[in-house]
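The values are calculated or read from the model by the stated rules, or taken from the named source; none is laboratory data. These numbers come from a predicted model, not from an experiment. So basically every Cβ, Gly included, is an ideal-geometry build from the backbone, and we count neighbours across all protein chains shown. Calculation scope for accessible area: heavy atoms of the full protein, side chains included, ligands and nucleic acids excluded. Shrake-Rupley method; radii C 1.70, N 1.55, O 1.52, S 1.80 Å.
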Amino acid sequence: MSDNIQTVTVLSKTTWTPNLFSFTVSRPDSFKFTAGQFVRLGVNPSQLKYYQQIEAGDETADSALNEDVFRAYSIVSSPFDEVIEFFSIVIPDGAFTSQLQHLQVGDELLLNTMPFGFLTLARYQKPLPKDLWLLATGTGLAPFLSMLQDLKTWEDYEHIVLAYSARSLDELAYVEKIESLQEDFGTLVDNPAKLIFIPIVTREPVEGALSERLPKLLLEGTLQARAGIALDIDTTHVMLCGNPDMVEDTKEALKTLGLVMNRRGEGNIAVENYW
Ligand SMILES: Cc1cc2nc3c(=O)[nH]c(=O)nc-3n(C[C@H](O)[C@H](O)[C@H](O)COP(=O)(O)OP(=O)(O)OC[C@H]3O[C@@H](n4cnc5c(N)ncnc54)[C@H](O)[C@@H]3O)c2cc1C
Ligand SMILES: NC(=O)c1ccc[n+]([C@@H]2O[C@H](COP(=O)([O-])OP(=O)(O)OC[C@H]3O[C@@H](n4cnc5c(N)ncnc54)[C@H](OP(=O)(O)O)[C@@H]3O)[C@@H](O)[C@H]2O)c1
């Protein structure tokens with residue numbers, strides 16, 4: 001096993017829908033990361049099956065080890081939390097999540113403690129513009145939740161817009177958490193209106209949520225109107241995370257609006273694709 005790989009223990013699990021869940025694991029003392037980064041998590045299929053057999057009292061359980069399966073996971077929790085939180089999809093035949101979904105409190109996972117990724121606010125050179133737009137689909141919300149639990153994010157920008165798109169209302173996870181961040185961090189920075197949350201539900205009508213896809217909402221100006229602020233090259237940083245088709249289409253929409261990719265610290269748009 002690589003020096004960076006440690007065993008962590010599942011401490012809690014929240015099931016949002018049959019296809020979506022969150023969980024926390026113990027945080028190794030030496031593990032440090034920046035909000036927005038991801039790590040690689042590992043399961044060992046036969047090891048997990050073995051644990052489940054033992055729990056079920058199966059005396060024929062075989063602990064023979066197979067290859068570990070690792071996948072990239074963005075960290076939901078803040079760099080200051082004592083535990084590490086993740087938000088996961090379940091892909092029915094997925095090599096990783098078809099195993100991960102069976103995890104229970106007390107089970108063990110592998111964590112590669114080398115954090116990766118450049119979807120962090122540190123990538124932007126100063127001076128910072130006044131507004132930060134965070135646009136996510138599905139579990140792509142994860143890195144933004146981490147950033148929103150870092151006070152510096154709230155201090156650095158005048159407005160923060162979080163637009164989060166899911167297919168159905170039940171898949172729009174973490175809404176209460178987002179509302180409590182609005183209140184808690186909004187109070188800390190003396191501006192309860194700083195975080196503008198825009199829920200988007202695309203496959204069923206939901207009161208209070210927008211219903212179109214992000215690129216269309218941007219090109220029509222609906223998202224900007226809902227946020228109550230303009231989105232232009234001089235005033236905005238925009239981060240995109242989640243479905244690669246959304247990332248590609250939204251990037252193109254933003255370019256049509258005059259924004260540019262962030263390179264070597266300069267420019268508006270930063271992205272992360274999940275597959
Ligand atoms: C930088 C990075 C960060 C990531 N962070 C997360 C995260 O925080 N949470 C998370 O659930 N996944 C995340 N992923 C995706 C994750 O690495 C795995 O792809 C996912 O766990 C599915 O693994 P699998 O082996 O079951 O299926 P895979 O064989 O990896 O994927 C099969 C198919 O499932 C779909 N798919 C994969 N991941 C997702 C997803 N997250 N949402 C919707 N559809 C998906 C795609 O169509 C993909 O082709 C991230 C990926 C990258 C590259
Ligand atoms: N969600 C489910 O009920 C479900 C069930 C079983 C399996 N899965 C599997 O899970 C994966 C997807 O899950 P998911 O629902 O988290 O992710 P998703 O398909 O990426 O949908 C999340 C949000 O992203 C939007 N979106 C998709 N493509 C976009 C684009 N090009 N531009 C802008 N927005 C876009 C979707 O809108 P639209 O609604 O318009 O697409 C939806 O609002 C797939 O592999 C799927 O087969 C999902």
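Among Leu134, Pro28, Leu257, pick out the residue whose Cα is farthest towards the positive end of the charge dipole of the chain, where Lys and Arg carry +1 and Asp and Glu carry -1 on C-beta, about the Cα centre.
It is Leu257, whose Cα lies furthest towards the positive end.
Per residue of the range 125-134, what does 6.51 cos²θ - 1.76 cosθ + 1.60 with θ = phi - 60° give for ³J(HN,Hα)? Whole Hz please, x for Gly and Pro, Karplus curve as stated.
6, 7, x, 7, x, 7, 10, 10, 10, 10
Collect residues whose amide H, placed 1.01 Å from N in the peptide plane, falls under 5 Å from the amide H of Arg167; neighbours closer than 5 in sequence don't count.
Distant-sequence amide H within range of Arg167: Thr202.
For the chain, with only Lys/Arg (+1) and Asp/Glu (-1) charged at the beta-carbon, what is the dipole magnitude about the Cα centre, in debye rounded to 20?
Numbers: 21 positive and 38 negative charges, 165 e Å.
The calculation lands at about 800 debye.
Taking H placed 1.01 Å from N in the peptide plane, check which residues at least 5 places from Arg27 or on another chain put their amide H under 5 Å from its amide H.
Distant-sequence amide H within range of Arg27: Ile84.
Over the chain, what is the percentage of antiparallel beta bridges among all DSSP beta bridges, to the nearest 5? Provide the component values of the computation, followed by the final result.
Details: 29 of 56 bridges.
Of those bridges, close to 50 percent are antiparallel.
Can you check what the net charge comes to around Lys255, using other residues whose Cβ is under 13 Å from the Cβ of Lys255 (Lys, Arg +1; Asp, Glu -1)?
Working: positive: Lys251; negative: Asp232, Glu248, Asp249, Glu252.
The answer is -3.
Give me the percent relative contact order of the range 121-271, please, defined on Cα pairs under 8 angstrom at least 6 residues apart.
27 percent
How large is the charge dipole for the range 121-271, taken about the Cα centre, if only the Cβ atoms of Lys, Arg (+1) and Asp, Glu (-1) carry charge, to the nearest 20 debye?
Dipole magnitude for the range 121-271 comes out near 520 debye.
Angle between the Cα long axis of helix 244-256 and the longest principal axis of the chain, 0 to 90 degrees, nearest 10?
10 degrees
Using amide H atoms built in the peptide plane, which far-off residues or other-chain residues are under 5 Å from Val238 H to H?
Those qualifying (amide H under 5 Å, at least 5 residues apart or on another chain) are Trp133, Ile269, Ala270.
Among the listed pairs Lys194/Lys251; Lys13/Lys177; Lys130/Lys194; Lys152/Lys194; Lys216/Lys251, give every one whose C-alpha distance is greater than 18 Å.
Result: Lys194/Lys251 exceed 18 Å.
Tell me whether the range 225-270 comes out rounded, prolate or oblate; compute the Cα gyration tensor, take square roots of the eigenvalues as a ≥ b ≥ c, and use a/c under 1.5 as the rounded threshold.
Here the range 225-270 falls in the oblate category.
Which net charge results for the neighbourhood of Pro127, defined as the other residues with beta-carbon distances under 12 angstrom from its beta-carbon, given Lys and Arg at +1 and Asp and Glu at -1?
Neighbourhood net charge equals -1.
What net charge is computed for the residues neighbouring Val39, neighbours being all others with C-beta under 13 Å from the C-beta of Val39, Lys and Arg scored +1, Asp and Glu -1?
+3
Report P(r) for the chain: all Cα-Cα distances, bin width 5 Å, range 0 to the bin holding the largest distance, values in whole percent.
Per 5 Å bin, starting at zero, the Cα-Cα P(r) for the chain comes out as 1, 5, 12, 16, 18, 16, 12, 8, 5, 3, 2, 1, 0, 0 percent.
Apply the a/c threshold of 1.5 to the C-alpha gyration tensor of the range 121-271 and tell me whether it is rounded, prolate or oblate.
Oblate.
Averaging sequence separations of C-alpha pairs under 8 Å and six or more residues apart, then dividing by the length of the range 199-275, give the relative contact order as a whole percent.
Values: 94 pairs, mean separation 21.2, N = 77.
Once normalised by length, the contact order is 28 percent.
Compute the relative contact order of the chain as a whole-number percentage, counting only Cα pairs closer than 8 Å that sit 6 or more residues apart in sequence.
This gives 18 percent for the chain.
Please list 3J(HN,Hα) in residue order for the range 161-178, calculated via the Karplus relation 6.51 cos²θ - 1.76 cosθ + 1.60 where θ = phi - 60°; whole Hz, with x for glycine and proline.
Once rounded to whole Hz, the list reads 10, 10, 10, 9, 10, 9, 5, 9, 4, 5, 8, 7, 7, 6, 5, 5, 4, 4.
Convex hull over the alpha-carbon atoms of the range 5-116: what's its volume per residue in Å³?
Enclosed volume per residue, from the Cα hull, is 106 Å³.
What accessible area per residue comes out for the chain, rounded to a whole number of Å², with a 1.4 Å probe?
Here the per-residue accessible area is 48 Å².
Cα axis of helix 45-55 to longest principal axis of the chain: angle in degrees, 0 to 90, nearest 10?
60 degrees
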